[in-house]
Every structure is written in structure tokens, then in C-alpha cells.
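Please treat every number below as a calculation from the coordinates, not as lab data. Note that this is a predicted model, so its numbers are computed, not measured. Here Cβ is always computed from backbone atoms with ideal geometry, including for glycine, and neighbour counts include all displayed protein chains.
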Amino acid sequence: MIELAFSILAADFAHLADEIATAERGGGTIVHVDVMDGHFVPNITFGPPVVKAIRPVTKLPLDCHLMIEDPDAFIPDFAKAGADMISVQIEACRHLNRTLQHITDNGMLAGVVLNPATPIEMLVEVLPMVHHVLVMSVNPGFGGQKFLPRSVARIAHLARLRTEMGLNYRIEVDGGVADDTVASVVQAGADMLVAGSAIFEPGKTEENAKRFLEIARAADPASLIA
Ligand code: DX5
Ligand code: ZN
């Protein structure tokens, strides 16, 4: 099932609750929360207190993308704050297997994220443990960057591995996913689509989300079978 995980990094932070409600009206089904620490990436955003603040204003799952050093130290804080999914960057995890187990033990769905320069093969041993794999289609740190076209082949590779290994993890894609790039990632096998700047726009968020999802669903190979 194709889902829109809207990234609140592109929202108006002074009105987060309204922004989330508007994106949900447009068909968004996951709230994507970009957590940055100024070390793993050259930017600082929000942490568990913001997750805790938005938890009561929406029933949608909160998908926390941790772009931080030492994610293990913060996993219990995100769980307490109300996160439903945690995605950790493979480049930040020395003991990835343990970190993923830690996320699951804290009652959340575990995902792993790969930067554009990280080979997909690095993940093979942990694929049976994850709920989703997040393919970065930009170098993380900022919204509004240009989609890296190699990402399409990387998504297709993960989709192939999923079949070969008999697994059912979801494939999430993040960065520069917009009206002009979304069809290619969906055709390659992505089904959790992160989008920030393509969705949030004063007065237009709801229609942007609807149009984006229409394009994405029209490209879904599953929809062609029916
Ligand atoms: C980038 C973040 C993304 C970002 C996407 O480091 O992980 O989630 O918000 O923004 P857009 O959709 O504007 O590329
Ligand atoms: Zn993200």
C-alpha cells in the first residue's frame, strides 16, 4: 500500500498541529519527524519534547528518522515521547543488530536508513529484523534538495532482495521526492514516500498532498494488476 509520510521539517513550526491536520486531510498517513543533532548532519532540528508535543494532536503513526550520533542513548526517550517507528542511520550504528533489537524491545517498529554513498549490501544481515528500509535520495541534513537519480536503482535492488530472501519489509524513500520524481520510485518498489517541500505550502498543503498521492498511486505496479 502506497503511503505518504509527510515530513514536518517543511511545515510551519509555529502551527504544527494545524499543519499535521491539513496534511492528513490531503491523505497523508504517517508523520515523518526528522531528528538532527548538528553532529551526524550539519543541522539541528527537534527531539523527544517535540514528539511528545505532537503525540496528542494526531492519531497517525510518528516515524522518527534519527540523524544523530549514538541513537541508542535516545531510543527509550523517543518511545516514552510516543514514537511508533524509529529509523536509524546505518552509518551511525556500530552494533546495528543490537540497536534494532533495542528499538523493538522498546515497543516500536525498527527501520534502517542508508545514505546515498552506502552500499545496499551492508544491510543484508539485518534485513530479516527490520520493518522498513529507508533509502536516502539526498544527503541528509536539509529539506528541499534535489533527488539523486541513482536512488531508483537502489530501491529496485532492495525490492529484488526482498523477493529473493522471502521477506516483507517496506521500502521508504526520503529526499527530493516530488510530483516529478515520485512515479519512478514507486515503480521501483518504494511504498513509504517521504515528502516535505513538495507537500507543505501555505494554503496549498492539502491539494499538494492529494495530487502527489494521485501520481504515486497511478504509478503503483500493484494498481496495474487490477
Ligand atoms: C533530509 C530529511 C528529509 C527531508 C525531506 O535530511 O531526512 O526527510 O525533510 O525534505 P524534502 O521532501 O523537501 O526533500
Ligand atoms: Zn527524513
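In summary, T181 fulfils each of the numbered conditions (1) under 22 Å from I86 (Cα atoms); (2) surrounded by 18 or more Cβ atoms within 10 Å (Cβ to Cβ); (3) not hydrophobic (A, V, I, L, M, F, W, C) with the single exception of condition (1). Taking the listed residues V88, V138, V124, the one that is within 15 Å of ligand 2 (Cβ to nearest atom) and surrounded by fewer than 20 Cβ atoms within 10 Å (Cβ to Cβ) is V138, with no other qualifying. The set of residues from the range 54-82 being closer than 16 Å to G141 by Cβ and surrounded by fewer than 17 Cβ atoms within 10 Å (Cβ to Cβ) comprises just one member, E69. Residues that are away from ligand 2 (no atom under 13 Å from the Cβ), buried (at least 21 other Cβ atoms within 10 Å of the Cβ) and without any contact (Cβ under 8 Å) to a residue 40 or more places away in the chain within the range 1-53 comprise just one, V51. Filtered by the rule that a residue be part of a helix (DSSP H, G or I), β-branched (V, I, T) and within 16 Å of the chain's Cα centre (by Cα), the range 176-226 gives V182, V185, V186.
Considering the conditions (1) buried (at least 19 other Cβ atoms within 10 Å of the Cβ); (2) within 16 Å of ligand 1 (Cβ to nearest atom); (3) small (G, A, S), G189 is excluded by exactly one of them, (2).
In the set (1) assigned to a loop (DSSP other than H, G, I, E, B); (2) under 23 Å from P61 (Cα atoms), the condition left unmet by L148 is number (2).
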